[in-house]
1. Identify, please: which residue in segment 42-97 is acidic (Asp, Glu) and touching a residue at least 24 places away in the same chain (Cβ under 8 Å) and is, among those, farthest from Arg31 (Cα to Cα)?
2. Count, please, the residues in segment 53-70 that happen to be of a type in the set (Val, Ile, Thr) and farther than 13 Å from Lys90 by Cβ.
3. Is it true that some residue in segment 95-113 is surrounded by 11 or more Cβ atoms within 10 Å (Cβ to Cβ) and at pLDDT 90 or above?
4. Filter segment 77-88 down to the residues that are of a type in the set (D, E, K, R) and either farther than 17 Å from Asn65 by Cβ or at pLDDT below 80 (or both) and list them by number.
Amino acid sequence: MSFRRLIPFALICVLTAGTVSAQQPASQSKRASEVKAKVSTLSPQARISVIPIRGEEEFGTFVANDQERFTFYDIDKKTEVSFRYEEVRKVKDGYGGYNSPRGRHTDRTKAIVVGVVLAGVLVALIVAAAHAS
């Protein structure tokens, strides 16, 4: 008799424990907390660069934020974009220069690094050709 009463009691305890743990908010990762802290310091219409975990860097002006996500106006796509804090690797102040052939904004640091590497390769080829002569 007592065994029959124990089974429903155990089931109720298990179901209650599962419901309580599902209602607890998930803690944010360290990176998401850093992104949220950075976004909370931004003023409306601030120029930003957003580096998502997946996808290409996006450039635009900050619009708004809440506890779970933030929104900015993408200047290349000409539309508002929202990201959850967990989806973003980094938010930077300002946005890069404009790449006319692509018709998009680019990260100037990346462009400078590529330019320096290409110049180094060109100089190395010239020196090698001069030595070979």
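1. First, pick out the residues of segment 42-97 that are acidic (Asp, Glu): 56-58, 66, 68, 74, 76, 80, 86-87, 93.
Right, trim to touching a residue at least 24 places away in the same chain (Cβ under 8 Å) and you get 57, 76, 86-87, 93.
Values: Glu57: 17, Asp76: 26, Glu86: 8, Glu87: 10, Asp93: 17 Å.
Looking at the filtered set, the residue picked out is Asp76.
2. Step one: of segment 53-70, the residues of a type in the set (Val, Ile, Thr) are 53, 61, 63.
Now drop any that are not farther than 13 Å from Lys90 by Cβ, which leaves 61, 63.
Count: 2.
3. For segment 95-113, residues surrounded by 11 or more Cβ atoms within 10 Å (Cβ to Cβ) and at pLDDT 90 or above: absent.
4. Hits for segment 77-88 are Lys77, Lys78.
Each row is one residue, and each column tells you yes or no for (1) over 16 Å from Val91 (Cα atoms); (2) in a loop (DSSP other than H, G, I, E, B); (3) modelled with pLDDT under 60.
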{"site": "Phe9", "(1), (2), (3)": "yes, no, no"}
{"site": "Ala17", "(1), (2), (3)": "yes, no, yes"}
{"site": "Ser43", "(1), (2), (3)": "no, yes, no"}
{"site": "Ile51", "(1), (2), (3)": "no, no, no"}
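The values are calculated or read from the model by the stated rules, or taken from the named source; none is laboratory data. Computed from a prediction, not measured in an experiment: that's the story for all the values here. Glycine gets a Cβ as well: all are built from the backbone with ideal geometry, and neighbour counts include every protein chain shown.
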